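The values are calculated or read from the model by the stated rules, or taken from the named source; none is laboratory data. Owing to the predicted nature of the structure, the values given are computational and were not obtained by experimental measurement. As a convention, Cβ positions derive from the backbone with ideal geometry for all residues, glycine included, and neighbour counts pool all protein chains shown. What goes into the accessible areas is simple: the full protein's heavy atoms, side chains included, and nothing from ligands, DNA or RNA. Shrake-Rupley method; radii C 1.70, N 1.55, O 1.52, S 1.80 Å.
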Amino acid sequence: MSHAFYLDLDRCTGCFACAVACMDQNDLEVSRPEPTAWRQVFAIEATTGSEVRIRYVSLACMHCEDAPCLMACPSGAIARDAATRAVTVNADLCIGCHSCSIACPFGVPRFGKDGRMQKCDLCSARLEAGLEPACVRACPTRALKQGDPNLLTLEAEKKAAARLVAGT
Amino acid sequence: MDKLQRMIKGKIPGEATGIEVRKSICTICDPQTQCGLDCYVKDGRIIKVEGSRENPHSEGTLCAKGAAQRQWVYHEDRLRTPLRRVGPRGSGEFVPISWSEALDTVVENLNRLKAESGPESVIFYCGYPKQMRPFVQRLAFLFGSPNYCTESSTCFTAMAMAWRLVYGQMAGPDLAHTKLLLVWTGNPLWSGTPNARRLMDAKERGVKFVVVDPRKSPIAGLADLHLQLRPGTDGALALAMANVIIKEGLYDRGFVAEWTRGFDEYRIYVAGFSPERAEEITGVPVELIRQAAVMYATAKPAAMMPSSTPLVHHTNGVQNQRAAAMLVGLTGNFDVPGGNVPQALAWLEVPGGGFPARDHAFKMPRQWSEMPPRVGAERFPVWTEMIDQGQAMDLVRHITTGDPYPLRGFVGFGLNYRMFPGSPRFLEALDKLDFICLVDLFATDTTKYADIVLPACSSVERSEVRAYPQKHIIATEPVIAPLGQSRSDTDIIFGLAQKLGLPYQDYDGVSSNGGTPPPELGGFLPDGSPEFSAAFEAAMDWILEPSGMTMAELKKHPAGMPVPNPIPVSYRKYEKNGFPTPSGKMEFVSSITEKYTDREGIDGLPVYREPRLSPVSTPETAARYPLVLGTGTRLPMFIHSRMFRVPWTRSLRREAMVDLNPADAAKYGVVQGDLVELSTPEGSIRVRANVTHLAAPGVAHMYHDYPEADVNSLLSPDYLDPISGFPGFKASLCAVRKVSEAAPDFDLPQEVAR
């Protein structure tokens, strides 16, 4: 089974549906002032010359193949799920040292009230039951996808091909 | 963790986990969205929600608000019993009482007011959602009061009025077949997410997007052309586009000659709106105006997407919307495939729902002529002629002056006082009333003013019928039992009607002809709570009768079903029937508005006027309040006041913020997150600055309804469009200044504070 998220940046509108669907699926406690949600949505305002473009990006754990967090974790709390190949955390083993935060290139690890790391597990139980991750299901524009990385990029490639033809 | 534990934690439905998926709909927001909802239920409690795949409108998706359903439904602020006020109004001091005592108190007071001051002295009002509206209107009319008002006094109706003034009907965009979409304000990517996917698909198909919006909103991000106009100047822009289209001969001469009224006057009027003049007014460069006009007129077909509020939340809103809507007919895009196509409204005003129903007869058991004039009748004659409701924006004046008759009682479902401009003035007026009963899901700042509060339940705790534009219909069943002693709105309405002794369930009006009406369904449970589910189903059966659908059949399809034998989509219907306007034609000069031209701000032509407060119309005020203020522009995680209390949605924007352009922020020495004072001649509030290019230079946008920073308190209750009565929420004037965090709560004179 595959283990990738894919975000079609052209279709992400910053609507936060994915972020809340994740909270609901995982019973997340978000009342503390700092951001503890596993999926975050950002508005990026990019200026090129006099042109300003606002773009939106939804991000959660990338479930890297060569996961830096997994290698950095001194207590073996981070592991790879055998079935879905998601990078998962066993809170019982986490010692709250934040090594994973330092290692993660995407700023993904979050720490709950108990001080232990928590993050997206790719809705592994849902994947095994043939369901898509909660965030993917909610996405109103279908910007967020999950599946085999090669199939996801093939879809993107198809769109690029269509654009090439449209330009001629 | 073993496999079962893992499945339970992952909320996987099935026998092993004891989790069942039950079908409902989300009614947290109501602007014709209402996504299908799959509720994951375990031990009688919802543990998760997601979108229903079977719903052809939302197709399995949800928005941020709908996804937070569970925290909303189970929120600690939910009302669980009827309440009687014991402290002063506004204090929030209540005691729980029984349903019997509550309903009897309401009925006693309504009958007393009726006897003392006539039935018209009682106001009946609906906020969200829309499901109970026809039921409340029927209650009001049978009671004898014409004063049925809704939150549509500030939403949607003015837009529909404008289209009806031009075409006799509303006509939505045929997105599936168009080549160009002219989005005239509004951002459905946040506010109407079932359409978000379709808009993205259209973009990928190569449909051109022309977006008129003061904001750099997500949908403006899709635009091939973005016309970023000064708020409230839409009319001038539309007239200039017409100017270009006519001058360059790009209009549909055949259609205009045969099917329109007043074209010559219109042509002469728009000749005064050169793109150069429009650039001065709107700030949109001449070249962009020309380009947009030519693109729209030549795309063939091109569709225009109107919006429920941003274009009509202006003191000149209806005229601006009329000017924009006229471009459709002018360019031959009315009622053609890929243009704007009128479709009959189904139950609860869903366009293109595809079936006939008797909702009009249901909600209007009396005619207007049989009752005294309703709220707003004198002040808003165009509204009163066109819309089957009172105009609630006249409530403050009417209650305060008692002119033309006293208003003394209020029965409100989902009333939120902060949707009224000059909101504190609305509360003051409310407080003058003799008796107030409010029905709500939550204890709110508005329910604090009620004498009796009745607890309603949410959509997942009740049954209701909803239609969708894809010609799909659903009759839901409760997914969970109502929380505490809460009941559905319709239970409460039927219960009140029965206790008032009204012939509510006599749909064929048998009793008024001396006949014997059918026996009444429903009644009161041992605890006194109203239980009228059978009456609700019988009412729906009566309403749906012309469609051939029955509740029994609908209930066999828990996720909904296609409307049987739907009314097919057809085009150029006017060729057969004419236009449903007084002249039978598309009206450039309105036969309705031209009757009222003795009133300030009403004309037959779509005359452009400046917003009543603007840098142009009130330069002296603008010298002190230099920014244009827009209130209520949607955020994706909130809908009016409904989602502030929900931790999941609130976490996405924790504090009340005003959107300021970086240039303005720099001018006022403000950086992201700074505390600022936002003030108008009516007052001031303190909020955080959100520095963003979403806002154009010179414009501040502030979301409404925050209890701690109520921006609508900064407007006058009389800042209204004379045609629709809609408030000018989207264009007034304000000033922003940075406030020191250490500043005391009380206001120091400005020079000291600095």
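Taken together, the residues in region B:113-129 that are open to solvent by 10 Å² or more (accessible area, probe 1.4 Å) and either touching a strand residue (DSSP E or B) at 6+ places or on another chain (Cβ under 8 Å) or not assigned by TED's automatic domain parsing to the domain that holds B:Gly376 (or both) amount to 1.
Within region B:367-378, the set of residues being open to solvent by less than 80 Å² (accessible area, probe 1.4 Å) and not β-branched (Val, Ile, Thr) comprises B:Trp368, B:Met371, B:Pro372, B:Pro373, B:Arg374, B:Gly376, B:Ala377. Within region B:39-54, identify whether any single residue is more than 9 Å from every other protein chain (Cβ to nearest Cβ), part of a helix (DSSP H, G or I) and open to solvent by 10 Å² or more (accessible area, probe 1.4 Å), and answer yes or no. For region B:39-54, residues more than 9 Å from every other protein chain (Cβ to nearest Cβ), part of a helix (DSSP H, G or I) and open to solvent by 10 Å² or more (accessible area, probe 1.4 Å): absent. The single condition among (1) closer than 24 Å to B:Pro619 by Cα; (2) touching an Asp or Glu at 6+ places or on another chain (Cβ under 9 Å) that B:Arg277 does not meet is (2). Name the single residue, out of those in region B:66-86 being closer than 29 Å to B:Glu349 by Cβ and either out of contact with any Lys or Arg (no Cβ under 9 Å at 6 or more places or on another chain) or within 8 Å of chain A (Cβ to nearest Cβ) (or both), that is most open to solvent (accessible area, probe 1.4 Å). If we take residues in region B:66-86 being closer than 29 Å to B:Glu349 by Cβ and either out of contact with any Lys or Arg (no Cβ under 9 Å at 6 or more places or on another chain) or within 8 Å of chain A (Cβ to nearest Cβ) (or both), then B:Arg70 is most open to solvent (accessible area, probe 1.4 Å).
Once region B:408-429 is narrowed to residues that are of a type in the set (A, V, I, L, M, F, W, C) and open to solvent by less than 10 Å² (accessible area, probe 1.4 Å), the residue that is farthest from the chain's Cα centre (by Cα) is B:Ala429.
The set of residues in region B:604-646 being open to solvent by 40 Å² or more (accessible area, probe 1.4 Å) and either more than 26 Å from the chain's Cα centre (by Cα) or within 14 Å of another protein chain (Cβ to nearest Cβ) (or both) consists of B:Pro615, B:Val616, B:Ser617, B:Pro619, B:Glu620, B:Ala623, B:Arg624, B:Pro626, B:Arg634, B:Arg645. The requirement of being within 24 Å of B:Phe334 (Cα to Cα), basic (Lys, Arg) and modelled with pLDDT of 95 or more is satisfied by B:Arg198. Candidates A:Ile54, A:Ile78: the one that is open to solvent by less than 30 Å² (accessible area, probe 1.4 Å), of a type in the set (A, V, I, L, M, F, W, C) and in contact with a His (Cβ under 8 Å, 6 or more places away or on another chain) is A:Ile54.
From the residues in region A:22-37 that are among the charged types (D, E, K, R) and in contact (Cβ under 8 Å) with a residue 12 or more places away in the chain, which one is nearest to the other protein chains (Cβ to nearest Cβ)?
Start the filter on region A:22-37 by keeping residues that are among the charged types (D, E, K, R), which leaves A:24, A:27, A:29, A:32, A:34.
This time we only want the ones that are in contact (Cβ under 8 Å) with a residue 12 or more places away in the chain, so: A:24, A:29, A:32.
Values: A:Asp24: 6, A:Glu29: 8, A:Arg32: 9 Å.
Among those residues, the one meeting the criterion is A:Asp24.
Filtering region B:661-678 to residues that are within 13 Å of chain A (Cβ to nearest Cβ) and touching a strand residue (DSSP E or B) at 6+ places or on another chain (Cβ under 9 Å) leaves B:Asn661, B:Pro662, B:Ala665, B:Gln672, B:Gly673. Restricted to region A:7-21, and to residues there that are closer than 15 Å to B:Pro636 by Cβ and in a helix (DSSP H, G or I), the residue that is farthest from the other protein chains (Cβ to nearest Cβ) is A:Cys18. When A:Met117 is tested against (1) closer than 24 Å to B:Ser52 by Cβ; (2) touching a helix residue (DSSP H, G or I) at 6+ places or on another chain (Cβ under 7 Å), exactly one condition is not met: (1). Within region B:565-591, residues that are without any contact (Cβ under 8 Å) to a residue 40 or more places away in the chain sit with their Cβ atoms under 7 Å from residues that are of a type in the set (A, V, I, L, M), at 6+ positions apart or across chains, in these pairs: B:Pro582/B:Ile592. Condition check for B:Glu15 on (1) open to solvent by less than 50 Å² (accessible area, probe 1.4 Å); (2) modelled with pLDDT of 95 or more; (3) away from chain A (no Cβ under 11 Å): one failure, at (1).
Looking only at region B:64-86, which residues are within 30 Å of A:Ala17 (Cα to Cα) and either of a type in the set (Ser, Thr, Tyr) or not in a loop (DSSP other than H, G, I, E, B) (or both)? Break it down stepwise before answering.
Filtering region B:64-86 down to residues within 30 Å of A:Ala17 (Cα to Cα) leaves B:64-80.
Listed by number, the residues that qualify are B:Ala64, B:Lys65, B:Gly66, B:Ala67, B:Gln69, B:Arg70, B:Gln71, B:Trp72, B:Val73, B:Tyr74, B:Arg78.
Within region A:124-140, being hydrophobic (A, V, I, L, M, F, W, C) and facing chain B (nearest Cβ under 7 Å) holds for A:Ala125, A:Ala129, A:Ala134, A:Ala138, A:Cys139.
Here is a yes/no grid of residues against (1) within 24 Å of B:Val49 (Cα to Cα); (2) modelled with pLDDT of 95 or more; (3) of a type outside the set (A, V, I, L, M, F, W, C):
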| site | (1), (2), (3) |
| --- | --- |
| A:Asp27 | yes, yes, yes |
| A:Thr36 | yes, no, yes |
| A:Thr47 | no, no, yes |
| A:Ser50 | no, no, yes |
| A:Arg55 | no, yes, yes |
| A:Cys64 | no, no, no |
| A:Ala77 | no, yes, no |
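For the structure I just gave you, tell me whether A:Glu45 is free of Cβ contacts under 8 Å to residues at least 12 places away in the same chain and either open to solvent by less than 20 Å² (accessible area, probe 1.4 Å) or within 9 Å of chain B (Cβ to nearest Cβ) (or both). Against the criterion (free of Cβ contacts under 8 Å to residues at least 12 places away in the same chain and either open to solvent by less than 20 Å² (accessible area, probe 1.4 Å) or within 9 Å of chain B (Cβ to nearest Cβ) (or both)), A:Glu45 qualifies.
Considering only residues in region A:141-168 that are closer than 22 Å to B:Lys11 by Cα and not aliphatic (A, V, I, L, M), the one that is farthest from the other protein chains (Cβ to nearest Cβ) turns out to be A:Gly147. Of the set (1) open to solvent by less than 20 Å² (accessible area, probe 1.4 Å); (2) over 28 Å from the mean Cα position of the chain (by Cα); (3) more than 15 Å from B:Ser732 (Cα to Cα), all apply to B:Ala666 but (1).
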